[in-house]
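J.: After the structure tokens below, expect a handful of questions from me.
Nothing in this text is a laboratory measurement; each read-out follows from the coordinates by a stated rule. All values derive from a computational prediction rather than experimental measurement. In this analysis, Cβ positions are derived from the backbone assuming ideal geometry, glycine residues included, and neighbour counts consider all displayed protein chains.
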Amino acid sequence: MSTTIIDGKAVAARVRAEVARDVADFVARTGRTPGLATVLVGEDPASAVYVGGKQRACAEVGMTPFDHRLPVDASHEQVQQTLEGLNANPDVSGILLQLPVPAHLDGPSLTGLIDAVKDVDGLTPVNAGLLSLGREGLRPCTPLGVMELLKETGAQLESAEAVVIGRSNLFGKPMGALLLAGNATVTTCHSRTRDLPGVCARADILIAAVGRPRIVTADFVKQGAVVIDVGMNRLTPEQAGNKSGLVGDVDFDAVLPRASAITPVPGGVGPMTIAMLLRNTLQAAEMQVAQGR
Ligand code: NAP
């Protein structure tokens with residue numbers, strides 16, 4: 001049996017092209033241009049690179065980027081003021097507070113200040129609640145990206161056994177809810193799960209979001225399973241040897257012969273996150289028009 005290596009870059013490029021086409025249609029129909037505001041507190045180099053990528057991607061699909069930067073010692077009140085200003089700005093369809101924020105700030109409580117209809121990361125309590133209740137809302141980008149990859153792969157969700165390793169609010173919990181909405185039978189694993197390999201080996205669809213290099217070995221994987229690797233772990237030069245320093249949570253070479261389809265790292269789930277952020281921003285703009293805002 002040959003294994004499909006799921007090409008996240010190609011799927012993301014297709015989604016971005018669709019969003020660009022739909023943005024042009026939205027502008028022609030409403031006379032408005034969707035806008036995405038990013039808020040970065042501090043100067044963490046990795047976060048600055050992510051924000052830059054989001055700004056560029058936004059302009060590429062015909063949306064207006066708004067770039068807000070606050071000093072590393074910004075107070076809760078300063079960030080709050082920025083977010084409230086963006087909530088009130090009709091040119092801003094989507095707001096993203098880049099996480100993590102500096103340690104003196106409370107990321108979840110700041111994220112919670114974002115107007116739910118502009119919450120393109122899908123992380124506010126309102127959107128988490130809507131997802132949990134199975135009602136329409138903005139969903140977190142990375143789990144949405146995984147759903148898009150599963151669709152592209154033709155993976156059957158209905159009645160499938162899906163196992164997610166990781167229960168974070170950012171990924172694991174919303175991923176489980178999206179799979180459940182797709183009628184999969186969902187198991188969520190975490191650091192206290194007994195017999196992790198045994199539970200994972202039941203999965204038709206196995207999704208790893210742990211943050212531990214190559215924790216998922218061949219014995220975790222049922223023959224023919226679809227394996228999605230969300231992990232992004234940076235190795236030291238000594239650990240990496242002459243290979244790429246970025247590895248996933250899945251031992252790709254060992255798992256490859258057992259899987260029917262698998263995402264590589266890099267080039268699998270990673271490129272999907274920004275693509276889904278763009279789609280969410282357009283969805284937010286549509287929701288605001290529908291509400292007469
Ligand atoms: P997180 O908040 O640290 O959550 C990690 C989860 O893994 C927790 O639920 C934890 O369990 C569980 N875990 C830790 N060690 C375990 C073990 N030995 N066995 C079983 N479960 C274990 O991380 P996250 O934000 O969800 O991210 C997870 C990974 O995905 C990271 O590598 C991150 O970089 C990556 N990621 C990538 C993207 C992307 O765009 N590609 C987006 C988001 C995240 P407990 O809850 O019991 O502690």
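J.: Out of all the residues in region 232-254, which are closer than 16 Å to residue 200 by Cα and within 16 Å of the ligand (Cβ to nearest atom)? Write out each step before concluding.
T.: Taking region 232-254 as the starting set, the residues that turn out to be closer than 16 Å to residue 200 by Cα are 249-252, 254.
249, 250, 251, 252, listed by residue number.
J.: Please go through region 255-264 and pick out each residue that is surrounded by fewer than 22 Cβ atoms within 10 Å (Cβ to Cβ) and either more than 24 Å from residue 221 (Cα to Cα) or within 14 Å of the ligand (Cβ to nearest atom) (or both).
T.: Selection gives 264 alone.
J.: Right, another one. Kindly evaluate residue 112 against the criterion of being touching a residue at least 12 places away in the same chain (Cβ under 8 Å) and within 16 Å of the ligand (Cβ to nearest atom).
T.: Taking the combined requirement at face value, the residue does not satisfy it.
J.: Still on this structure: Among what's in region 209-230 and is β-branched (Val, Ile, Thr) and within 11 Å of the ligand (Cβ to nearest atom), pick the residue that is surrounded by the most Cβ atoms within 10 Å (Cβ to Cβ). Can you show your working first?
T.: Filtering region 209-230 down to residues β-branched (Val, Ile, Thr) leaves 210, 215-217, 221, 226-228, 230.
If we keep only those that are within 11 Å of the ligand (Cβ to nearest atom) as well, we get 210, 215-216, 228, 230.
Details: 210: 22, 215: 18, 216: 26, 228: 31, 230: 29.
Out of the qualifying residues, it is 228.
J.: Follow-up. Would you confirm, using the coordinates I've provided, whether residue 287 is in a helix (DSSP H, G or I), buried (at least 24 other Cβ atoms within 10 Å of the Cβ) and within 21 Å of the chain's Cα centre (by Cα)?
T.: no
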